[in-house]
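Please read the structure below before turning to the comments.
No value in this document is a laboratory result; all are computed from the given coordinates. For clarity, every value in this text was computed on a predicted model and none was experimentally measured. Note that each Cβ is placed from the backbone with ideal geometry, even for glycine, and that neighbours are counted across all protein chains shown.
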Amino acid sequence: MEFATQADFEAVLNEHHNIQYVDAIFTDLCGYVRGKRFPLLEADKIFSDGVLLPFSAFYLDVLGGVTNTLNLGFTDGDPDGVLMPVKNTIQPVPWDERILQVLISLKKEQEKWGVIKDPSEVDPRNILKKVLKKFKGSGLSPVVAFELEFYLLDKKRDSEGKPIPAQGANKTHVYGIPDLDMFGDLFHEINENCKMQDIPATTASSEFAAGQYEINLRHTGNLLKAADDAALLRRIIKETCSRHGYEATFMAKPFLEETGNGMHLHISVYDDEEKNIFATTSRYGNDYLKSAIAGLQSTFYDSFPIFIPNRNGYRRIKAGNFVPVNTSWSWNRRDVSLRIPAGSNKAKRIEHRAASADANPYLVLACILAGLHNGLTNKLSPTNFVNFDNTKGADSIVDDEMPTNLESSLNKFKDSNLLSKYFGKEYLELYNSTKLGEIEHMSSSFISKEEYDFYL
């Protein structure tokens, strides 16, 4: 049974006696958490009948609007779908003892509707499930770990309305323990809130810019939960920071002159005997790892509207910034896009460094798994290797094929034959149309200060 039952709900209620509400939540195309709040007396309906919400709630643009993409959302009458509670996701809300939350997801059995053959597949969580099915029967089980970077900001803005790092976070000390101690109570509460929601947060560190931090999640073979945890970790960080008087942002590039926020994924693959197939004494990996690298290269550029879903994120794509500007790979180098971290032979893995921290974790993981499956299944061979002794930075040259803006990346994405085999052509069209509508709206809805400065 993949859905939570009334008995599951009552078991959690018995452990939390102050509950008055239940939040039924999901993550939309843009990675935004949405849902409905039910008073406790009405919450039984979630577990018996599910939650009715319009399908369009899953493909709202970054502004929260419906663009009527592919004639869906307005033209079709904005029909409802049924979302069911996900098993093992009923958790207390740390910042309000009156509320429980449960993840909900579109069930498979829906009436046929619109241009999407299976309307449940507008749900990013279900797209990930669809890609995961490719591994069934292969004897291979991916294991992943998310890393999320963010900036801690003052709630106030400067005189020009721009963000500023939280008071006290005015210097750059990468891995500086005093930078963590300065906000020790905040990070302790984030960690405790993660424990309360069974989110396996591990290390925290200060990063390369004032007010920038990173929190990592423990590796797991439960890939749906891994993506759930990444989405919920962002929510916990933002809510906890807000209650401490700060603002947390996962925006890819909030400061032009400073490093951006990334979402890095560590990937390994285990066989039926629970052995890591990448394990080897060779620093550069065995044939399995090299085929995996090649597969990740095969979907790398096509996936960029997923990896970097917002215009702002493409400001990260600059040579010499330790960000992906090509499909390079190597061992123990942070200037490559696909890194083999140093560590024990048994823990050999790949770090995929392309995604920005504001990307949808379900879709990011789905793209990475599609590449992984393609490489391992077809025994591909990688290109663009960087020798460890290379004295020239691997990120010194931007590949001509590299998408450098959202529009060009969408062109590659919508025509990707490879991704369509994993996602379905319909979802590529839906995502593409939603983002194009978003671009059009943002380009025409207001006149920026810079336009007045340049053209008035």
(request) Could you quote the convex hull projected area for segment 6-112, Cα atoms only and averaged over all directions, in nm²? (result) 7.5 nm²
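Using 0.36 nm times the number of residues separating Glu111 and Ile397, minus their current alpha carbon distance, what extension gain do you get?
On the way: separation 286, 0.36 × 286 = 102.96 nm, distance 4.97 nm.
Taking Glu111 through Ile397 to full extension adds about 98.0 nm, to one decimal.
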(request) Using the charge dipole of the chain (Lys, Arg: +1 at Cβ; Asp, Glu: -1 at Cβ; taken about the Cα centre), state which of Tyr59, His352, Phe187 has its Cα farthest towards the positive end. (result) His352
(message) Going by average Cβ density within 10 Å per residue, which order do the peptides 423-430, 173-180, 449-456 take, highest to lowest?
(response) 423-430, 173-180, 449-456
(message) In segment 245-337, if the dipole is taken from +1 on Lys/Arg beta carbons and -1 on Asp/Glu beta carbons about the Cα centre, which of Gly320, Ala248, Leu265 is farthest to the positive end?
(response) Gly320
(request) Provide the FRET efficiency to the nearest 0.05 for the Ser448-His16 pair, computing r from the beta carbons and using R0 = 56 Å. (result) 0.75
(request) Can you tell me which of 261-268, 240-247, 135-142 comes out highest on packing, and rank the rest after it, using the mean Cβ neighbours within 10 Å? (result) 261-268, 240-247, 135-142
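Provide the packing ranking of 345-354, 209-218, 89-98, 13-22, i.e. peptides ordered by the mean count of other C-beta atoms within 10 Å per residue, highest first. Intermediate results must be reported in sequence, preceding the final value.
Working: 345-354: 19.8, 209-218: 21.5, 89-98: 17.5, 13-22: 13.7.
The packing order, highest mean first, is 209-218, 345-354, 89-98, 13-22.
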(message) Give me a comma-separated list of calculated 3J(HN,Hα) values for segment 394-404, in order, Karplus coefficients 6.51, -1.76, 1.60 applied at θ = phi - 60°, integers in Hz, x for any Gly or Pro.
(response) 5, 9, 7, 10, 7, 4, 4, 7, 5, x, 10
(message) Tell me the mean residue ellipticity at 222 nm calculated for the chain from its helices only (DSSP H runs of n ≥ 4, each -39500 (n - 2.57), averaged over every residue, nearest 500).
(response) -9000 deg cm²/dmol
(message) Order these by the 10 Å Cβ neighbour count, fewest first: Met442, Met84, Met251.
(response) Met442, Met251, Met84
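Quick one, could you list the DSSP H helices from the chain stretching 15 Å or more along their long axis (Cα atoms) with average Kyte-Doolittle hydropathy of -1.0 or above? Working shown, then result.
Numbers: long enough: 184-196 (18 Å, -0.73); 223-243 (30 Å, 0.03); 287-298 (16 Å, 0.12); 361-378 (25 Å, 1.07); 425-444 (29 Å, -0.84).
Length and hydropathy pass: 184-196, 223-243, 287-298, 361-378, 425-444.
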(message) To make sure I understand, if each residue's beta carbon is the centre and we count other beta carbons within 10 Å, what order do Thr203, Thr259, Thr5 fall in, fewest to most?
(response) Thr203, Thr5, Thr259
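Treating only the Cβ atoms of Lys and Arg (+1) and Asp and Glu (-1) as charged, compute the dipole magnitude of segment 128-256 about its Cα centre; round to the nearest 20 debye. Could you put the intermediate results ahead of the total?
Details: 18 positive and 17 negative charges, 178 e Å.
Dipole of segment 128-256, to the nearest 20 debye: 860 debye.
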(request) Over the alpha-carbon set of the chain, divide Rg by the Kirkwood Rh and report the Rg/Rh ratio to two decimals. (result) 0.95
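May I ask you to derive the relative contact order of segment 105-214, considering only C-alpha pairs under 8 Å and at least 6 residues apart, and to give it as an integer percent?
Numbers: 107 pairs, mean separation 25.6, N = 110.
Relative CO of segment 105-214 lands at 23 percent.
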(message) Please report the antiparallel percentage of the DSSP beta bridges confined to segment 6-112, to the nearest 5.
(response) 75 percent
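Run the dipole for the chain about the Cα centre, Lys and Arg Cβ at +1, Asp and Glu Cβ at -1, nothing else charged, and hand back the magnitude in debye, nearest 20. It would help to have the intermediate numbers written out before the result.
Working: 51 positive and 62 negative charges, 240 e Å.
Computed charge dipole of the chain: roughly 1160 debye.
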(message) For the pair Arg283/Arg243, report the inter-label distance in nm, with labels modelled 7 Å from Cα in the Cβ direction.
(response) 4.7 nm
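Take Asp185, Asp118 and order them by how many other Cβ atoms sit within 10 Å, fewest up front.
On the way: Asp185 10, Asp118 17.
Lowest count first: Asp185, Asp118.
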